[in-house]
Amino acid sequence: MTRQPHDQFAKQYLEELLAPLGTVETSRDVPSEVRQVDVCFVPASSPSTDSSNLGLLGKMAATACLFEPFRNAPTVAEIHGCLLKLYSLRAELLRKARREKRSVSEDELPLLWILSPSCSQRLLNGFGAKLSQDENWGEGVYFLPEFLRTALVAINQLPVSQDTLWLRVLGKRRTQQQAIDELIELPKESPLRRNILEILANWRINVGRSERLSNADRELIMNLSPAYLKWREEAVLEGRQEGRQEGRLEGRQEGQRLMVENFLRVRFGEINAELEAIIAPMLQLPPEVLTRLLFSLSKQELLLWFGEGSGRDLRLGAGGREKVENLLRVRFGEIDAELADKIAAMLQLPHQQLTSLLLTLSREELLERFGR
C-alpha cells in the first residue's frame, strides 16, 4: 500500500523517458497469482531518439528489461517479490516461444533493474550483488549472479553527473533535491525537460492533497516544490503576450503566490487574515529558501519572521536566541561554532532588520556582517 503513490509517478516518469526508445508497458500482468511489473520495456529496432540522451538509464534500456522503482529501500521480501515477477514473466516468454517453435537465448530474456534510494551492505551481501567487473557501469549499480539477470541500483551512490540525472530524480532527500535542481537548470529546449517538470508538478500536487501528511510526504513535497513552481511559472508565462515585461513579472508572481497559498493550506488547514498578510513579504525570497521555511517553521514562527506586529524597532524578546538558531538550521542545515558565535550580535538588531538579514544573506555574508 505504501508504494502506490510513488509507483504511479515512477511508472509515468519512466514511460515518458523510455517511450521514444521502444515499447513501454506499465502494470504488466504476469501469470500465476495476479502480479504486475511496474515497467516492462522492449527497445525499438529504430528508436525515435538517441538513448544516450538518458545517460545511464538509456544504457539500461539497451535491451529488454523490467524496472521496479522503490520510494523506500526495499526489504528482503520485496526483492524476492521482484525476482518472482521476473521468473514468472520469463516462464511466460519461454512458453510463448515454444508455441511458436522458436528458440530464445538468455540474452533475449529481460533484465530486472531494481531502483532503490539506497541499499544496505547486508542487502547487497545477502543477494550476492556486486559492482560490475566486465562493463563500466560505475558506482551504485550492483549485479546479482549472472543467471539471475538482475541488478540493484543504489541511487544515492550514483555519481553526480548529467549521465545519472534521470535516475537520481527517483532518489530521496538530498539526492532527489539536487537532481531536481539540476533538472530545473537545464536549458528550456532540452528534450523531455518540460514534460518531466509537469509530471513532477502533478506528483507534488497529488501528494499535497492527502489529508494526513507523514514526514516522508512533507519531505517529498519540499523536494518537488521547486519543480512545481518552475513548471507553473513557465506555464503561466506562456499564456502571456511574448515580450511584455509586466506580463512576465505578473506570471511569475502568480505562480509563486499560488504555491505559497497551497503550502499554507496543506500545513494549517486555512489561510486566515494573519497568514494572508505575510504572503507578500514571503514572496520576496528565492523559491528554494522559501520552500524550506514553509515546511520547517511553525505558524507562530512564520508570523514572527514575516509579520509586522513586532514593529520596526523592537528586538526579539524571550527565546530570541532559540528562534534565531531554528531559522539558521532551516537555512543552513546546522549551526557551526562560527555561526553560533555571531548570534549574540544578531540579537542586538531590531526584529525587522534582523529578519531581512537572516532570510537573504548567505552564511559567508552573515559571518562577515556580524564579524565586526
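Listed by first and then second residue, the pairs linking a residue in the stretch 110-125 that is closer than 11 Å to LEU152 by Cα to a residue that is open to solvent by less than 10 Å² (accessible area, probe 1.4 Å) and acidic (Asp, Glu), with Cβ atoms under 8 Å apart and 6 or more places separating them unless they lie on different chains, are LEU112/GLU68; TRP113/GLU68; ILE114/GLU68; LEU115/GLU68. If the condition is being at pLDDT 70 or above and either farther than 24 Å from LEU275 by Cβ or open to solvent by 40 Å² or more (accessible area, probe 1.4 Å) (or both), then the stretch 307-332 contributes ARG321, GLU322, LYS323, GLU325, ASN326, ARG329, ARG331, PHE332. Selection of the stretch 49-70 for residues being among the hydroxyl-bearing types (Ser, Thr, Tyr), in a helix (DSSP H, G or I) and touching a Leu at 6+ places or on another chain (Cβ under 8 Å) yields only SER51.
Scanning the stretch 106-133 for residues that are more than 24 Å from the chain's Cα centre (by Cα) and under 18 Å from ALA61 (Cα atoms) gives GLU106, ASP107, GLU108, LEU109, PRO110, LEU111, SER132. Considering only residues that are more than 26 Å from ALA91 (Cβ to Cβ) and in a helix (DSSP H, G or I), look in the stretch 124-149 and name the one that is most open to solvent (accessible area, probe 1.4 Å). Result: ASN125. When every residue of the stretch 180-189 is checked against the conditions, at least one turns out to be exposed (fewer than 13 other Cβ atoms within 10 Å of the Cβ) and either modelled with pLDDT under 85 or part of a strand (DSSP E or B) (or both). Screening THR175, THR164 for residues that are open to solvent by less than 60 Å² (accessible area, probe 1.4 Å), closer than 19 Å to ILE221 by Cα and β-branched (Val, Ile, Thr) leaves exactly one candidate, THR175. Within the stretch 71-83, identify whether any single residue is in a helix (DSSP H, G or I), within 19 Å of ARG149 (Cβ to Cβ), open to solvent by 50 Å² or more (accessible area, probe 1.4 Å) and touching a Pro at 6+ places or on another chain (Cβ under 6 Å), and answer yes or no. Scanning the stretch 71-83, I find no residue that is in a helix (DSSP H, G or I), within 19 Å of ARG149 (Cβ to Cβ), open to solvent by 50 Å² or more (accessible area, probe 1.4 Å) and touching a Pro at 6+ places or on another chain (Cβ under 6 Å), so the answer is no.
The values are calculated or read from the model by the stated rules, or taken from the named source; none is laboratory data. Model, not experiment: these values are computed from the prediction. All Cβ positions, glycine included, derive from the backbone under ideal geometry; neighbour counts span all protein chains shown. The protein model used for the area step is the full one, side chains on, heavy atoms only, and it has no ligands, DNA or RNA in it. Shrake-Rupley method; radii C 1.70, N 1.55, O 1.52, S 1.80 Å.
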